[in-house]
Amino acid sequence: MTAVANEPLYDTIRPASRFRLRSTRGRPGLVRQALLQALCVFVLLTVLFPVVWVFSVSLDPLNRSRPEGLSIIPANASFAAYEQVIKQPTNNPITFVELLRNSLTVALGTSIVSVIIGVFAAYAFSRLRFRGREVLMLVILGVLMLPAVASITPLFVLLNSIQVNLPLLGEFNLRQSLLGVGLAIVSGLLPFAIWNLKGYLDTIPRDLEEAAAVDGADVHQTFLRVILPLSMPALAVTAFLGFIVGWTEFYFTSTFLANSPQNHTLALALNSMVGSFSSTPWSLFSAFAILFAIPPALVYFFAQRYITSGLAIGAVKG
């Protein structure tokens, strides 16, 4: 009777003891934990050091190219450089707000257009089987490997020969407009968008589409309500990288918009502040650089919850 009575108690206690041993062994030791924390702090300081340096220079009224000593806040620090940059950053008759509007137009427009066209093309390459599919994928890969600088000359000649007449915008040369710059950027973003999205769509199980078809959904409903929600991580990454490319674009804007100061972007204005030898206004340049980096940081902050992967893994498992 005693043995029978104690057997359930023994069976109940033994798994708990095993769990305690396993959980204790799974935890990193104090030394390892301290080393990992120190490594994280070192990486954090390495990343933040250039930002702190630039911010310190932007507050320096003496226009020095480096902070003096180890002080982050220089003596007689002021935000006069930020006020000047926002008012009129360069000698061109264009304000910071107008430059910001042009940059946002190019970055958001190219990002949205490349993702919309890219996801439709990627879905076709991922799900459909048609003649010439492999050849087209090789062509897209070849264009993706081609540097953007190599396409400046043909795009310049092509866009310069097109005259556009729109009801609201009037008549203008396509090469000397933000629309032409956007088309040039999209031509380079599309191969990356198609290749990146196609690789992600291949990982989404076809069983989901078959289940949606059994429930009565057609191809369009399956694409909009099943494929697109599951592709949100890849769409977010592709859109964010496209935004960064459009935001920091310099080659096309400097070549196409050299004679159109009203269409200049922030990247072009920032480069125009660089002078020869010591003639660069470092305080204004640093303040401009800080303001230039804020919009991409905000975009990433609000989109980081979508920049994940593996949402479709296990979607068809019980």
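Just so it is clear, none of the values below were taken in a lab; they were calculated from the coordinates. Here the structure is a predicted model, which is why all the values come from computation and not from measurement. FYI the Cβ positions are ideal-geometry reconstructions off the backbone, even for glycines, and counts take in every protein chain you see.
Mind sorting Trp195, Trp53 by how few other Cβ atoms lie within 10 Å of their own Cβ, fewest first? Intermediate results must be reported in sequence, preceding the final value.
Numbers: Trp195 19, Trp53 14.
Fewest-to-most Cβ neighbours within 10 Å comes out as Trp53, Trp195.
With +1 on the Cβ of every Lys and Arg and -1 on the Cβ of every Asp and Glu, and nothing else charged, how large is the dipole of the chain about its Cα centre, in debye rounded to the nearest 20?
Numbers: 21 positive and 15 negative charges, 196 e Å.
Here the size comes out at about 940 debye.
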Q) So what J values fall out for region 73-81 if you push phi through Karplus, 6.51 cos²θ - 1.76 cosθ + 1.60 with θ = phi - 60°, rounded to Hz, Gly and Pro as x? A) 9, x, 5, 6, 5, 8, 9, 5, 5
Q) Using only helices, what value at 222 nm comes out for the chain when you add -39,500 (n - 2.57) per DSSP H run of length 4 or more and divide by the total residues, to the nearest 500 deg cm²/dmol? A) -21500 deg cm²/dmol
(Q) Could you derive backbone 3J(HN,Hα) for region 149-155 from the dihedral phi with the Karplus parameters 6.51, -1.76 and 1.60 (θ = phi - 60°), listing whole Hz in sequence and x where the residue is Gly or Pro? (A) 5, 5, 9, 5, 4, x, 5
**Q.** Taking Met232, Met273 and counting other C-beta atoms within 10 Å, the order from fewest to most
**A.** Met232, Met273
Q: Between the alpha-carbon centers of region 61-113 and region 196-239, tell me the distance in whole angstrom.
A: 42
Q: Obtain the nm distance between the two label points defined at Thr95 and Phe42 by a simple spin-label model: each point lies 7 Å from its Cα along the Cα-to-C-beta direction.
A: 4.8
Q) For region 137-266, what's the radius of gyration and Dmax over Cα atoms, in angstrom? A) 19.0, 59
Q: State the label only: which of (1) 124; (2) 133; (3) 260 corresponds to volume of the Cα convex hull per residue in Å³ computed from the shown model?
A: (3)
